[in-house]
Structures are given as structure tokens and as C-alpha cells.
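S.K.: Just dropping this structure here.
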Amino acid sequence: MHGPVAAAWLLVALCAATGAYCLLRMRSGVEEQRRAAGGEALMGFGMAVMAVPAAVFTPPEWTWPLYVAVFAGAALHALWAARAAPHHLHHLVGAGAMVYMSVTMTAAPSAAHHAHAHGGAGAPALTGALLLYFTGYVLLSGARLVPATGTGMAVGVTSSGPAALRWGDRPELARACRLSMAIGMVAMLLTM
């Protein structure tokens, strides 16, 4: 059982580090970056708490309905934001996945958390659809992070030297943040 517990702690560390970086991104000078970073920080920290191994900490029963309420609110916010910026649909799917996993935990808190931490028995259609979405997202966003060859210019570099981009405004770091959370989501959904 050391393998799954170690993997769960790695997932906790990945999600918490991503959430912390997203909090730092909220200091960006670009308003859209700040908005996206807030939702991503919530998602990162929520995933980190949900991934804590059940052998270490079993949350009280009231935790899961609270998770449902928080992430349902985040989903509504993402739906509202998607009217103006369609890329918020990904945030909507992520928040919806967190609602789904929280509802699963609410239905059978101790058994579901144990199954979540150590691998579940079944794969309902919604779990499969979410797995397909996030796996596709991981593959697509991972491919986008690979630098293009033959362009002669790196991201953030102009002909006169490095561009004056603040580290919180760098688009490749934001994509890496979303990629790591999508990888974490795939890992969590696989244990449902």
C-alpha cells in the first residue's frame, strides 16, 4: 500500500504547489490573468485537500456538501465568465468534475473516500466522459507547451532582447499550471 499512498502525497504536493503558484499569479497586472488565477487556485487547493490519503485524514461528513456548494458556485461563475471568454468553459468542466467527485463522496463518505484513495470498483459513464475530456486536455496542452522549432524566437523574446514580461503574466506558465491540474484531475478520476 506504500505505492498508492506515496502517489496520493505526490498528487497533494502537485495540486498544492499549483494552487500556491496560482495565488501568486493573482498579482498580475493583466485583469484576465487575475480572474483565471483565482479560480485555478481554488481548484488546486480543493484538489489537494481531496487527494489527502484516507489513512491520514478522513474529513467529517459535512465537508463534502460544503465542497459541492463551493464548486457549484465556482461552476456558475465559470459559466457566467464563459459568455465573454469561451476558454472559461474548461474551468466550468473542472468545477463540474469537482462537484461530481464531491457528490460521490457525499453519497458514501467513508467508502467513497477509501475507494477514491485506493482505487474504485466501477467507472460510470460520467467518470469515463470526464476522463476522456481531461486526458485529451492533457495531451493537447502538453503539445502546446512544446516549443515550436524553426521560428528563431523563443516565447517572451523580441529582436531587441527579452521582453519585459512579469513571471506571473507568462502564458506558458499559466498553461503549465492548467496542465498540472488536468493531470491531477486524471489521477483523481482514475481512482473513482
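The values are calculated or read from the model by the stated rules, or taken from the named source; none is laboratory data. Model, not experiment: these values are computed from the prediction. With ideal geometry, Cβ positions are generated from the backbone for all residues, glycine too; neighbour counts draw on all protein chains shown.
S.K.: Quick check: is even one residue across region 42-57 under 30 Å from Arg170 (Cβ atoms), of a type in the set (Gly, Ala, Ser) and not in a helix (DSSP H, G or I)?
M.R.: No: region 42-57 contains no residue that is under 30 Å from Arg170 (Cβ atoms), of a type in the set (Gly, Ala, Ser) and not in a helix (DSSP H, G or I).
S.K.: Separate question: Here is a check on your reading of the model: is Ser160 at pLDDT below 95, surrounded by 12 or more Cβ atoms within 10 Å (Cβ to Cβ) and of a type in the set (Ser, Thr, Tyr)?
M.R.: So Ser160 fails the test.
S.K.: Out of all the residues in region 8-22, is one or more in contact with a Pro (Cβ under 8 Å, 6 or more places away or on another chain), surrounded by fewer than 17 Cβ atoms within 10 Å (Cβ to Cβ) and assigned to a helix (DSSP H, G or I)?
M.R.: Yes; the residues of region 8-22 include at least one that is in contact with a Pro (Cβ under 8 Å, 6 or more places away or on another chain), surrounded by fewer than 17 Cβ atoms within 10 Å (Cβ to Cβ) and assigned to a helix (DSSP H, G or I).
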